[in-house]
Every structure is written in C-alpha cells, then in structure tokens.
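First up is the structure itself, then whatever we jot down about it.
The values are calculated or read from the model by the stated rules, or taken from the named source; none is laboratory data. Source: prediction; values computed, not measured. A quick note on method: Cβ atoms are made from the backbone with ideal geometry, for glycine too, and the neighbour counts reach across all protein chains shown. Note: accessible area is taken over every heavy atom of the protein model, side chains too, but ligands, DNA and RNA are not part of it. Shrake-Rupley method; radii C 1.70, N 1.55, O 1.52, S 1.80 Å.
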Amino acid sequence: GAVVSQHPSWVICKSGTSVKIECRSLDFQATTMFWYRQFPKQSLMLMATSNEGSKATYEQGVEKDKFLINHASLTLSTLTVTSAHPEDSSFYICSARDSGVRGFDTEAFFGQGTRLTVV
Amino acid sequence: EDQVTQSPEALRLQEGESSSLNCSYTVSGLRGLFWYRQDPGKGPEFLFTLYSAGEEKEKERLKATLTKKESFLHITAPKPEDSATYLCAVRASGSRLTFGEGTQLTVNP
C-alpha cells in the first residue's frame, strides 16, 4: 500500500510553546489529507480536512486558531498546535488518499502517529 | 448522521480459536466500508475495503464480509501476533471516514 510518513513520532513540549507535526505522502500525491486525534482506548476523532492550496475545513468544536493546518504541496500537510497546554496532550494521526485514483471510494492510508505530551 | 458500532469492545481468544468481530453501520449511501488494524502507539494499518452487500475479501487468517447493515471480520485460527485493535470505518458522501470505537483483540498463546 501507499506510504504516509508522519514526523515526529513523539514530542514533549513546555506549556505555552508551539509544536509542528508533518505529514507526507511518500509515493503518491494527495490533494486532501485528514488530521485525527485519538485519546487512550478511544477511536479516531476527525479534527480537520486539509486541502492543498486552500483553507482547511475544521470539525465542529475544533479551534482553528489553535490547530493551524497548512497544505502547501500535494505531498505535505502540517499541523501546528499553538500555545500548547497539557489538555492538548494526545495522539495525533494524519491520513491521505491517492488523488491520482478516481473516485472517493479508495482507502485512506495513515501515518504512524505523533504522541504529543505537554508539560 | 452516519453511525458505526463495533462489538464486542474487547475479545480474548486462545491461539487457534476462531471468532468474528462485528461492525454495524447506518449510513445514507454507503460508498465503502473499511477495516483497519491498529497496534498500540501506531497509526491504523489498512486491511480491507468492501463496497457492496455480499462482497467478501480475504487476507491470510482474516476474512471480511458485508451485508446491507453490518460487516464481519472473521479470524480463523488466530495467532498471538493478530492481537491488536481492529477498527471499522464507513464512507458515505465526500471523502471523510466515520470510525467505530474498535474491538481490542487479544490472542493468548
């Protein structure tokens, strides 16, 4: 299957600082990428849809000024957690679909996730 | 609103003991049902896509089936390395996925 690389795999930051997480599609182009958040023993919660060359679409209840998303190219999307607080500590996962494949029914591939701990 | 319910929440099996995981869904116009495997601290790993009722797909000890209301993931003669959380997701309109809560499978040697 296609490969989605997410970096870093874990990060510890101080409260009040910002953290950037990168998501790259390594062997395909992705006009759309997705950012999820996952709490322990819970399923994936979609935070936002990242669109190449345009603004991200945020899910209800997700603060767009806190979780900044940039999708500057067909292979890279970034999520920046601004002014992080301990309650932002979580597992963040990105996913992408191959935009070269027609239709909306193909599978999405996921990155390996980023464990963020804010102290 | 699309809904996905997985059962059981957790399942413990002995090695070689076959069983099934259930994924019930309610969507308007299913455009794909997806099964993923997730290991602790990792992102989901794609397993199967099913598109229409009656469809079946197999991969090693896993077999996924689909009806108009639910999907089953059958595990035949599981091994300890099959231990993971199995996630079911559906896609209706657009490209977003709606996930179930997952089934945590433990296979004891």
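In the stretch B:80-89, what residues are more than 7 Å from every other protein chain (Cβ to nearest Cβ) and not in a loop (DSSP other than H, G, I, E, B)?
Within the stretch B:80-89, B:Pro80, B:Glu81, B:Asp82, B:Ala84, B:Thr85, B:Tyr86, B:Cys88, B:Ala89 meet the criteria.
Hey, can you tell me all the residues within the stretch B:21-42 that are within 14 Å of another protein chain (Cβ to nearest Cβ), part of a loop (DSSP other than H, G, I, E, B) and not basic (Lys, Arg)?
Selection gives B:Val27, B:Gly29, B:Leu30, B:Asp39, B:Pro40, B:Gly41.
What number of residues in the stretch A:15-47 are open to solvent by 80 Å² or more (accessible area, probe 1.4 Å) and among the aliphatic types (A, V, I, L, M)?
Here the count works out to 2.
Which of the numbered conditions does A:Val101 fail, given that it passes all the others? Conditions: (1) closer than 19 Å to B:Thr49 by Cβ; (2) surrounded by 14 or more Cβ atoms within 10 Å (Cβ to Cβ); (3) at pLDDT below 95.
For A:Val101, the exception is condition (2).
Restricted to the stretch B:90-103, and to residues that are more than 8 Å from chain A (Cβ to nearest Cβ) and under 11 Å from the mean Cα position of the chain (by Cα), which residue is modelled with the highest pLDDT?
Here the residue is B:Thr103.
From the list A:Ile93, A:Ile12, which residue is open to solvent by less than 30 Å² (accessible area, probe 1.4 Å) and at pLDDT 95 or above?
A:Ile93
Can you confirm whether the stretch B:7-20 contains a residue that is out of contact with any His (no Cβ under 8 Å at 6 or more places or on another chain), at pLDDT below 95, outside any strand (DSSP E or B) and loosely packed, with under 13 Cβ neighbours inside 10 Å?
Checked the stretch B:7-20: no residue is out of contact with any His (no Cβ under 8 Å at 6 or more places or on another chain), at pLDDT below 95, outside any strand (DSSP E or B) and loosely packed, with under 13 Cβ neighbours inside 10 Å.
With A:Ser50, A:Ser83, A:Ser77, A:Ser54 as the choices, which residue is in a loop (DSSP other than H, G, I, E, B) and open to solvent by less than 60 Å² (accessible area, probe 1.4 Å)?
Being in a loop (DSSP other than H, G, I, E, B) and open to solvent by less than 60 Å² (accessible area, probe 1.4 Å) holds for just one of A:Ser50, A:Ser83, A:Ser77, A:Ser54, which is A:Ser83.
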